[in-house]
Amino acid sequence: MKEFKDPKPLSIKAKVNAFAAKFYYEQLPDGIDALIVAIKQIDKKSALVLCIQHDKDEVSDGIWEVAKEKPHFHLLYKNVNRNTNTCINTVLQQLHICYRQGLDDVLLANRGIETIGESFPGYALYLTHETKSARLDAKYIYDIQEIISNLTIPEIEQIRDGYTRITEGSTKLSISDLASLDLDAFALGYALKNFNAWYNALPFNVRSHSKLKTIKESYTRGVESRLEEGTEINRLCVYIMGNPNTGKTYAAKEALAGQQILNVGGGGSGKFDNLRPDHDAIILDDDICPNLLNMTDNYICRAYRRNNNNSIWAGRYFVVTSNLSFTNWLITCGFKIENPSTVHFRMLENKHYSAMLSRFFVCSLIPDANGGNKLALISASTRGSEAEQHERLNMFIDFKNKFNSIISEYTPSATQIDYSAFVDNGCCLPNIL
């Protein structure tokens, strides 16, 4: 599991708060049914248990056998109270899992049981192979319904999103409650989710607690931890040139309906101050973008290069609508050209221009056959591997189809108020127009 920071192998005699285990049918002397029953009988108020059988993968990491030929299991265990340590062997016996002394030593030496640390949500996501490394390794994507757990599917989804809601009512919070909230806040930040949405869902006794500032700092640490890993994102960048009042920004918003969108326009130095880690799309409406090379690259980055308040950008869609050509827009964003009269040719020789062109699907609005407009592709994004380009092309085609279905029917509002009765036409009025 490449994403997770320094997992360490564990002995079955170790006492821990959480651990991950991997095993085969040989380690299930009572069969898989006994494992399933035992997992579902564990009280979710005391521990979270998730397990899945991998039996469809056709690739191997070189250590474990190919799952399609020899199925294996992944199991995650975590005490709800992080201050409670449990002997791993006690849990294994409860779940009818047996690592045989002598026979399974190599299995354990290759992290058959390992630490989880603060990456429980990431491990839970790995169960279905929806992490970056699993996708890059072409591993089979399993369905969340295949996870065996003492939790419901919505509860599993919450964990994979980075948090669990662990407190209700108006009782006084214990140290263990605060510790769990702190861990959840870190995981929430690591998963790049919305802190405010999580905060607003907490009971009043939690929101009013004096320690919540410390918990918010843990969320920030989680975000920073994810940023430091240099996580890659296959980001779709689209530049749309068109005349004013043609509906291009409106159509772009509608084409991205369902995403968390940050709308930026009107200038100003703090245009990305409201950017959240969970914003999946930015729509830049006739505006410039600082730190443009990084903002349009395929990894999580900072929106600014300043001492503090450097918002994190982790979204997949970056859309610009403008009445400028792509080249002239880049100039307004700070790209320097020696001779503006030969701007196009100079830009083609500029390495930064080539880099920007490779990042964007550059488009223009053109008339369609029905008297409306449609999106025409001028230049396609060529950044990344062939697989990444294919995935990004599919994202663009989906965006373009939705955009065109909306803008083809767009008509600017023609309704205007008649102000003639309110206009003063006195002869002594100065001419200010």
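The values are calculated or read from the model by the stated rules, or taken from the named source; none is laboratory data. This is a predicted model, so every value here is computed, not measured. Here the Cβ is made from the backbone with ideal geometry for all residues, glycine too, and neighbour counts use every protein chain on show.
Observations on the model:
- Residue match in the range 232-242 (condition: under 24 Å from Tyr317 (Cα atoms), crowded, with 20+ Cβ neighbours inside 10 Å, modelled with pLDDT of 80 or more and small (Gly, Ala, Ser)): yes
- Of the residues examined, Pro244 is one that is over 15 Å from the mean Cα position of the chain (by Cα) and within 30 Å of Lys402 (Cβ to Cβ).
- Of all residues in the range 184-226, those that are farther than 23 Å from Ala18 by Cα and among the small types (Gly, Ala, Ser) total 4.
- Annotation: of all residues in the range 193-236 being among the charged types (D, E, K, R) and in a helix (DSSP H, G or I), the one that is nearest to Asn310 (Cα to Cα) is Glu224.
- The number of residues in the range 185-202 that are loosely packed, with under 15 Cβ neighbours inside 10 Å and either of a type in the set (Lys, Arg) or farther than 19 Å from Ala281 by Cα (or both) comes to 2.
- Flag for Gln53 being exposed (fewer than 13 other Cβ atoms within 10 Å of the Cβ) and either at pLDDT 90 or above or in contact with a helix residue (DSSP H, G or I) (Cβ under 6 Å, 6 or more places away or on another chain) (or both): no
- Among the residues of the range 366-384, those that are of a type outside the set (S, T, N, Q) and over 14 Å from Ser405 (Cβ atoms) comprise Ile366, Pro367, Ala369, Gly371, Ala376, Leu377, Ile378, Ala380, Arg383, Gly384.
- Selected residue [at pLDDT below 90 and farther than 19 Å from Asn243 by Cα] from Thr411, Thr415: Thr415
- Against the conditions (1) surrounded by fewer than 19 Cβ atoms within 10 Å (Cβ to Cβ); (2) in contact (Cβ under 8 Å) with a residue 60 or more places away in the chain; (3) over 24 Å from the mean Cα position of the chain (by Cα); (4) in the same structural domain as Gly384 (by TED's automatic domain parsing), Gly266 satisfies every one except (2).
- Any chance Asn245 is at positive phi and of a type outside the set (A, V, I, L, M, F, W, C): yes
- On the stretch given as the range 254-313, residues that are farther than 27 Å from Pro244 by Cβ, among the aliphatic types (A, V, I, L, M) and assigned to a loop (DSSP other than H, G, I, E, B) total 1.
- Among the candidates Ile39, Ile97, Ile12, the residue that is among the hydrophobic types (A, V, I, L, M, F, W, C), buried (at least 19 other Cβ atoms within 10 Å of the Cβ), at pLDDT below 90 and not in a strand (DSSP E or B) is uniquely Ile12.
- Only one of the numbered conditions (1) modelled with pLDDT under 80; (2) under 25 Å from Asn79 (Cβ atoms); (3) surrounded by 21 or more Cβ atoms within 10 Å (Cβ to Cβ) is not met by Phe120, and that is (1).
- From the list Arg165, Arg111, the lone residue that is more than 14 Å from Asp57 (Cα to Cα), surrounded by fewer than 20 Cβ atoms within 10 Å (Cβ to Cβ) and at pLDDT 75 or above is Arg111.
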